[in-house]
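Peer 1: Let me give you the structure first, and then I'll get to my questions.
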Amino acid sequence: MHAVGTAGPRIDGMEQTTGRTKYTDDMTLPGMLTGRLARSTEAHARIVSIDTSAAEALDGVEAVLVGTDLPITYGILPVSQDETALAVGKVRHVGEPVAAVAAVDAATAERAVDLIKVVYEPLDTIASIDEALETDHDLIHGEGVGQNVHRTAALEFGDVDEGLASADHVREDVFYFAGNTHAALELHAALATAEPGGRVTLWSSTQVPHYVHRTLAKVLEMPAGQIRVIAAPVGGGFGGKTDPFSHEIVAAKLAMVTGRPVKFTLTREEVFYAHRGRHPVLMWVKTGFDTEGRITACHFKTFLEGGAFGSYGAASLYYTGALQTSTYQIPNYRFEGVRVFTNKPPCGPKRGHGTPQPRFALECQLDKAAEDLGLDPVAIRLINAVEPNSMTVNHLRITSCALTECIERAAEVSDFKEKFESLPTGKGVGIAVGAYMCGAGLPIYFNDMPQSEVQIKVDRGGGVTVFSMATDIGQGSTTMLATVVAEVLGLEPSDIAMVTADTDLTPVDLGSYSSRVTFMGGNAALQAGIAVKDRVFGAVADKLGAPVESLVAQNGRIEDAEEPDTGVTWAEAVALAIASGGPLIESGSYKAPKLAGLYKGAGVGISPAYSYSVAVVEVDCNPDTGIVNVEKVWLAHDIGQSINPLLVEGQIEGGVYMGLGEALFEADDFRGALHRGPSLLDYKMPTSLDMPPVESIIVDSHDPEGPFGAKEVGQGPLLPVIPAVANAIWNALGIRMDQTPFTPDKIVAALRDVARGKPGRIGPKEVPAFEFPPLIMVEPPEGFPTGRTHTGAGVS
C-alpha cells in the first residue's frame with residue numbers, strides 16, 4: 001500500500017494551523033442578529049410566570065421566545081424524549097434555558113435577558129444518588145413524590161453464584177468515579193437563516209448533523225427536506241456535541257420569526273450547563289478467582305448520577321456493564337445498574353462513553369487480587385485475556401484481538417516487571433488494559449438502512465471529490481476518508497477534494513460518536529472507491545487490450561502490471577470511463593452485521609470489532625505534598641491497521657492527556673445542585689507543562705472486516721490510563737485510590753491513615769440499598785466454552 005500506512009499531515013492541517021479555518025462563531029451573515037438565552041436560577045422549581053414585556057420593549061430586540069413557543073419534546077434517544085428547547089412548566093437544573101432573545105448586538109441581547117422576570121415555586125432539590133433513591137422527594141420528571149429513577153438493568157450470563165462458590169479467592173470492592181466535562185476548546189455555537197419560502201439552514205458546532213436535522217424537523221414541525229444542517233469545522237467534541245441542543249433549535253426558530261440570520265455562541269459557563277459530560281458512577285464489584293488468578297465469576301453493580309435529563313443515559317447505563325467481558329474471559333457475569341435523575345446539568349457521552357468508570361474499577365480490583373494471590377499484575381492479565389475469534393459470555397463477538405501482544409509489548413518496552421519490584425518508595429509503575437468499540441452495532445433509531453454512506457464524483461479532468469456526512473471533530477476523519485479513496489485509486493490523499501457534513505450535499509452518516517467513522521465511514525469510502533476503480537479499469541482494459549486483473553493503479557497512472565510501460569494517466573483513464581459509461585459518480589455504504597442478542601440491552605456494547613489498549617504509567621509521588629508527577633506513559637494500541645500512523649499517535653497522545661486529566665485533576669464539583677466553578681479558572685485540567693512523554697506502541701492485528709484491516713483509536717487509548725495511574729500510586733506509596741480524581745489532599749489523607757495504623761485508602765465504603773428488578777437470565781452463546789470458562793448453566 002502506498003497511502004494507507006504512511007505517516008502524513010492532515011489534508012486540512014494548513015488551513016487550521018494558519019487560522020483560515022472558519023468555525024461557527026467565525027461566521028457572519030448580512031443582517032445577522034445575536035441570540036442569548038435566559039437561564040434558570042433555580043435547581044428545581046415550577047415556573048409560575050414569565051414576564052418578557054420589558055425585554056420585548058427594549059430598543060434593538062427583534063424577538064423573544066419562551067417555552068410555549070417550542071413545546072414539542074425531543075432527545076437524542078427515542079426512549080428519552082424528555083427535553084424542550086426552553087423550559088415548559090418546570091425547571092430541572094440551574095442554567096436550564098427558560099427564554100431566548102434575538103437582538104441587534106450582544107449588549108442589547110444581554111440587557112434583554114436581564115429584563116426577563118421569572119417567578120418560581122421551588123421544589124425539592126435532588127443533588128446526589130442517595131437523595132434520588134429516597135422515596136419522599138418531588139419527582140424531577142412527572143408529578144408527585146418518589147424515587148427519581150430513570151432506568152434500571154439486571155442481567156445474568158451463566159451462573160454467578162456457582163462461579164463465586166467455586167472460587168478460591170473472592171474480592172468485594174467499592175469505587176467511585178467523579179463526573180467531569182469535555183472542556184473542548186471551541187465553545188458551542190449555532191447560526192441559522194430562514195429563506196422567504198420557509199427553508200431553514202443551520203450551521204452548528206455538532207458531531208451529529210444527521211440527528212440535529214432530525215430533531216429540527218420534529219420540534220419545528222417542518223418537512224425534513226425544508227431543513228439543511230451543516231456541521232462547520234468543530235474545535236473539539238469528545239462526545240459533548242453529540243446531542244441536539246437548545247441553542248440550535250432556538251436559533252432556527254428565531255430566524256424563522258425574525259426573517260434574519262441569528263447566531264448563538266455559548267459562554268464557557270453556559271457550556272458547563274449544556275454539559276453531557278462523564279456520569280458520576282458509584283460501583284460495587286465482587287469477583288472470584290482461582291489460585292492461578294483466573295476469573296471464575298464477576299458481579300458488577302453501577303449507580304449512575306444522570307443529571308436532569310435522559311440524553312444518552314439509557315445507553316450509558318448499559319455501557320457501564322457491557323464491555324467488562326471484552327478484555328477478560330469472564331465465564332459467569334451478572335450486571336445490575338440504575339441511573340437516577342438529579343437537579344444538575346445532564347450527563348451524557350464523554351470519550352469512552354460509559355466505559356472508563358467500570359474499567360477503572362475492574363482494573364484496580366484486578367491489581368488487588370494479584371496482590372492477594374501473590375501474582376504480578378502482568379501475569380493476572382495475561383491469564384485472563386480474551387482471544388481472537390471468540391465469543392464473550394454476554395454475546396459480544398471478538399474478531400481481531402492483539403490484547404496479549406499489547407500487554408507483553410507494553411510491559412517489555414517499559415521494563416515494567418523490574419520497576420514494579422525495585423523502584424524506591426515514592427516511585428512506582430502501574431499497568432491496566434482497556435477495549436473499545438469500532439462503532440455501535442446498531443443505529444440510534446433502529447432501521448435497516450446503512451449507517452454510513454459515501455459518494456465519489458470524478459470530473460472529466462480527473463478531479464476526485466468525496467462526499468460524506470462524517471464530521472471531523474479533530475480526530476482526522478476527513479484525512480482518513482481521503483486516504484482510503486486515494487489508496488484504491490492510486491492517488492495521493494492531497495489529490496482528493498472533500499465535501500463533508502452537509503445534509504443537503506452529502507449522503508447520510510450517523511455522526512462522529514462511538515469511534516465509528518474509521519470502520520464504518522472508511523468501509524463505505526472503500527466500497528465507493530472500488531466501484532470507481534472498477535469502471536475505470538474496465539475502460540482502460542478495453543483501450544489497452546489487457547485483462548482487468550492485470551491492471552494496477554499507482555502514482556496517478558493505470559498500468560498493466562505485466563508491462564509497466566503500457567498504461568495511461570489517471571486523467572486519461574477517467575476520460576475513457578466517462579466516454580464509455582457516462583458520468584463517473586459512484587457510491588458505497590456500510591451496515592454493521594446483525595450481532596445483537598435476544599435480550600433487553602443486547603444492542604449496547606455490540607460492535608463489528610474492538611480495539612485494545614494497554615497503558616503503563618510511571619509516577620513520582622511526593623508523600624509530603626501529595627503531588628503526583630507522571631514521568632512517562634507507554635501505551636500499546638491494537639489498531640488493526642494504521643491508516644495514518646502520525647494521526648494514530650496523535651489520538652493516542654490525546655487519549656493519554658484526557659485520561660491523566662480525569663485521573664489527577666478533573667471533577668465537576670457542586671454545592672448542593674450549584675456548580676462550584678463553571679469556568680476553566682476553577683475546573684482544573686492538565687496543561688502542556690503537566691504532560692509527560694508518551695511512547696506510542698502501534699500494534700497491527702489486521703481486522704478482517706475493517707477498511708484495509710483498520711480499527712478505532714479515537715476513544716480506546718483513554719480507558720487504561722486512569723486505573724494505571726491508580727495502580728502506580730499503590731506501587732509507589734502503598735495506598736489505594738478507589739475514587740477519582742487522585743488529588744494531593746486525598747493522597748495526604750490516605751498516608752495519614754497509614755501513619756495511624758489504618759488502611760491507606762480513599763473511596764466509598766458501601767453502596768445504597770436498592771432493589772434492582774428481577775434478573776434476566778441469559779444463556780451463553782451457542783458453542784461457548786465450558787469447564788474453566790463456564791461453570792454454570794444459565795437458564796433462559
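Peer 1: Hey, for a label at His169 modelled as a point 7 Å past Cα toward Cβ, could you say which residues of segment 725-741 have their backbone N under 20 Å away?
Peer 2: 726-738
Peer 1: Counting only helical runs of four or more DSSP H residues, what would the 222 nm mean residue ellipticity of the chain come to if each run contributes -39,500 (n - 2.57) and the total is spread over all its residues?
Peer 2: Working: 19 runs with 210 residues, N = 796.
Value at 222 nm, helices only: -8000 deg cm²/dmol.
Peer 1: May I pose another question? Taking all protein chains as present, what is the carbon and sulfur share of the accessible area of the chain, in % to the nearest whole number, probe 1.4 Å?
Peer 2: 51
Peer 1: Here is a follow-up. Going from most exposed to least, what order do Glu421, Glu363, Glu559 have by accessible area with a 1.4 Å probe? Please report the intermediate quantities before stating the final value.
Peer 2: Values: Glu421 150, Glu363 0, Glu559 25 Å².
Largest accessible area first, the residues go Glu421, Glu559, Glu363.
Peer 1: Measure off 7 Å from each Cα along the Cα-to-Cβ vector at Leu674 and Thr68, then give the distance between these two points in nanometres to one decimal.
Peer 2: Distance between the two pseudo-spin positions: 3.1 nm.
Peer 1: For Leu403, what is the net charge nearby, where nearby means another residue's Cβ is under 12 Å from its Cβ and Lys, Arg count +1, Asp, Glu -1? Present the calculation step by step, with values, prior to reporting the outcome.
Peer 2: Numbers: positive: Arg381, Arg409; negative: Glu387, Glu405, Glu408, Asp638.
Result for the local shell: -2.
Peer 1: Check Arg228: other-chain or 5+ apart residues with amide H under 5 Å from its amide H, H built from backbone geometry?
Peer 2: Val200, Thr201, Leu202
Peer 1: Do you know the relative contact order of the chain, to the nearest whole percent, from alpha carbon pairs under 8 angstrom that are 6+ apart? Show your work: numbers first, answer last.
Peer 2: Values: 2118 pairs, mean separation 133.5, N = 796.
Over the chain, the number comes to 17 percent.
Peer 1: Keeping all protein chains in place, calculate the accessible area per residue for segment 150-238 (probe 1.4 angstrom), answer in Å². Intermediate results must be reported in sequence, preceding the final value.
Peer 2: Numbers: 2930 Å² over 89 residues.
Using a 1.4 Å probe on heavy atoms only, each residue of segment 150-238 averages 33 Å².
Peer 1: Something else about it: How much accessible area per residue does segment 590-663 have, counting only protein heavy atoms and a probe of 1.4 Å, in square angstrom? Kindly include the intermediate steps, with their values, before the conclusion.
Peer 2: On the way: 2240 Å² over 74 residues.
So segment 590-663 comes to 30 Å² accessible per residue, rounded to a whole number.
Peer 1: Which of the chymotrypsin sites (Phe, Trp or Tyr not before Pro) across segment 434-496 are loop residues per DSSP, with 16 or fewer other Cβ within 10 Å?
Peer 2: Working: sites: Tyr436, Tyr445, Phe446, Phe467; in loops: Tyr445, Phe446.
Taking segment 434-496 and a limit of 16 other Cβ atoms within 10 Å, the loop chymotrypsin sites (Phe, Trp or Tyr not before Pro) found are Tyr445, Phe446.
Peer 1: What's the percent breakdown of Cα-Cα distances in segment 327-440 across 5 Å bins, shortest bin first?
Peer 2: Final binned percentages: 2, 8, 16, 20, 20, 13, 9, 7, 4, 1.
Peer 1: Okay, moving on. Figure the gain on full extension for Val104 and Glu782 (residue separation times 0.36 nm, minus the Cα-Cα span) and round it to one decimal in nm.
Peer 2: Details: separation 678, 0.36 × 678 = 244.08 nm, distance 6.54 nm.
Extra length available between Val104 and Glu782 comes to 237.5 nm.
Peer 1: Sticking with this one: Which shape class applies to segment 450-590: rounded if a/c is under 1.5, otherwise prolate when a/b exceeds b/c and oblate if not, where a ≥ b ≥ c are the square roots of the Cα gyration tensor eigenvalues? Present the calculation step by step, with values, prior to reporting the outcome.
Peer 2: On the way: a/c = 2.36, a/b = 2.03, b/c = 1.16.
The shape class here is prolate.
Peer 1: I would also like to ask the following. What net charge do the residues around Lys350 carry, taking every other residue with its C-beta under 13 Å from that of Lys350, with Lys and Arg at +1 and Asp and Glu at -1?
Peer 2: Numbers: positive: Lys241, Arg276, Arg278, Arg351; negative: Asp243, Glu662, Glu666, Asp668.
Net local charge, Lys350 excluded: 0.
Peer 1: With every protein chain in place, what's the accessible area of Ser166 (1.4 Å probe, Å², nearest 10)?
Peer 2: 60
Peer 1: Further question on the same structure: Of all beta bridges DSSP finds with both residues in segment 450-590, what is the antiparallel percent, to the nearest 5? Show your work: numbers first, answer last.
Peer 2: Values: 21 of 26 bridges.
Counting DSSP beta bridges with both partners in segment 450-590, the antiparallel share is about 80 percent.
Peer 1: Can you list the HN-Hα couplings for segment 91-97, worked out from phi with the Karplus curve (6.51, -1.76, 1.60; θ = phi - 60°), rounded to whole Hz and with x for Gly and Pro?
Peer 2: Values, residue by residue: 10, 10, 7, 4, x, 5, x Hz.
Peer 1: Given a 1.4 Å probe and the protein chains all in place, what does the accessible area of Lys457 round to, in Å² to the nearest 10?
Peer 2: 70
Peer 1: Can you check what the net charge comes to around Leu489, using other residues whose Cβ is under 15 Å from the Cβ of Leu489 (Lys, Arg +1; Asp, Glu -1)?
Peer 2: Details: positive: Lys457, Lys533, Arg535, Arg557; negative: Asp459, Glu487, Glu492, Asp495, Asp534, Glu559, Glu572, Glu586.
Net local charge, Leu489 excluded: -4.
Peer 1: Still on this structure: Under 5 Å between amide H atoms, partner at least 5 residues away or on a different chain: which partners does His169 have, H built in plane at 1.01 Å?
Peer 2: Residues meeting the criterion, in which the H sits 1.01 Å from N, are Phe289.
Peer 1: Each residue of segment 765-774 in turn: what ³J(HN,Hα) in whole Hz from Karplus with 6.51, -1.76, 1.60 and θ = phi - 60°, glycine and Pro shown as x?
Peer 2: Residue by residue, segment 765-774 yields 9, 7, 10, x, 6, 8, 8, 6, x, x Hz.
Peer 1: Step through the residues of segment 323-330 one at a time and calculate ³J(HN,Hα) from phi using the Karplus curve (6.51 cos²θ - 1.76 cosθ + 1.60, θ = phi - 60°), rounding each to whole Hz and writing x for Gly and Pro.
Peer 2: Values per residue, Gly and Pro as x: 9, 4, 7, 6, 10, 10, 6, 9 Hz.
Peer 1: Taking a ≥ b ≥ c as the square roots of the eigenvalues of the Cα gyration tensor of segment 146-238, is the shape rounded (a/c under 1.5), prolate (a/b larger than b/c) or oblate? Numbers along the way, then the final one.
Peer 2: Values: a/c = 3.68, a/b = 2.45, b/c = 1.50.
Prolate shape, in that a/c is at least 1.5 and a/b is the bigger ratio.
Peer 1: Order Thr28, Thr320, Thr258, most accessible first, counting only protein heavy atoms with a 1.4 angstrom probe. Write down the numbers at each step before the final one.
Peer 2: Details: Thr28 105, Thr320 0, Thr258 35 Å².
If we order Thr28, Thr320, Thr258 from most to least accessible, we get Thr28, Thr258, Thr320.
Peer 1: Give the value in nm², to one decimal: projected area of the alpha carbon convex hull of the chain, averaged over all directions. Mind dumping the intermediate values first?
Peer 2: Values: hull surface 141.1 nm².
Computing the convex hull of the Cα atoms and averaging its projections yields 35.3 nm².
Peer 1: Taking segment 648-703 on its own, what percent of its Cα-Cα pair distances exceed 19 Å? Each step should come with its number before you reach the end.
Peer 2: Details: 697 of 1540 pairs.
The answer is 45 percent, as a whole percent.
Peer 1: Could you work out how much longer the chain between Leu689 and Lys594 gets when fully extended? Use 0.36 nm per residue separation minus the Cα distance between them, nm to one decimal.
Peer 2: So the chain would gain 29.6 nm between Leu689 and Lys594.
Peer 1: Now, a different point. Can you give the relative contact order of segment 425-543 as a percent, counting alpha carbon pairs under 8 Å and 6+ residues apart? Provide the component values of the computation, followed by the final result.
Peer 2: Values: 168 pairs, mean separation 38.9, N = 119.
The value is 33 percent.
Peer 1: Ignoring ligands and nucleic acids, what accessible area does Leu133 show with a 1.4 Å probe (Å², nearest 10)?
Peer 2: Counting only protein heavy atoms, Leu133 exposes about 20 Å² to solvent.
Peer 1: Charges on Cβ only, +1 for Lys and Arg, -1 for Asp and Glu, centred on the Cα centroid of the chain; of Ile50, Val748, Tyr436, which one is farthest towards the dipole's positive end?
Peer 2: Ile50
Peer 1: Can you list the residues, at least 5 places off or on another chain, whose amide H is less than 5 Å from the amide H of Asn180, using H built in the peptide plane?
Peer 2: Long-range HN contacts for Asn180: Arg278, Asp668.
Peer 1: Restricting to the chain, what percent of DSSP beta bridges are antiparallel, rounded to 5?
Peer 2: Working: 106 of 138 bridges.
Roughly 75 percent of the beta bridges in the chain run antiparallel, per DSSP.
The values are calculated or read from the model by the stated rules, or taken from the named source; none is laboratory data. The structure displayed is predicted, hence computed values, not measured ones. Every residue, glycine as well, gets a Cβ built from its backbone with ideal geometry; the counts of neighbours run over all protein chains shown. For accessibility, only protein heavy atoms count, side chains too; no ligands or nucleic acids. Shrake-Rupley method; radii C 1.70, N 1.55, O 1.52, S 1.80 Å.
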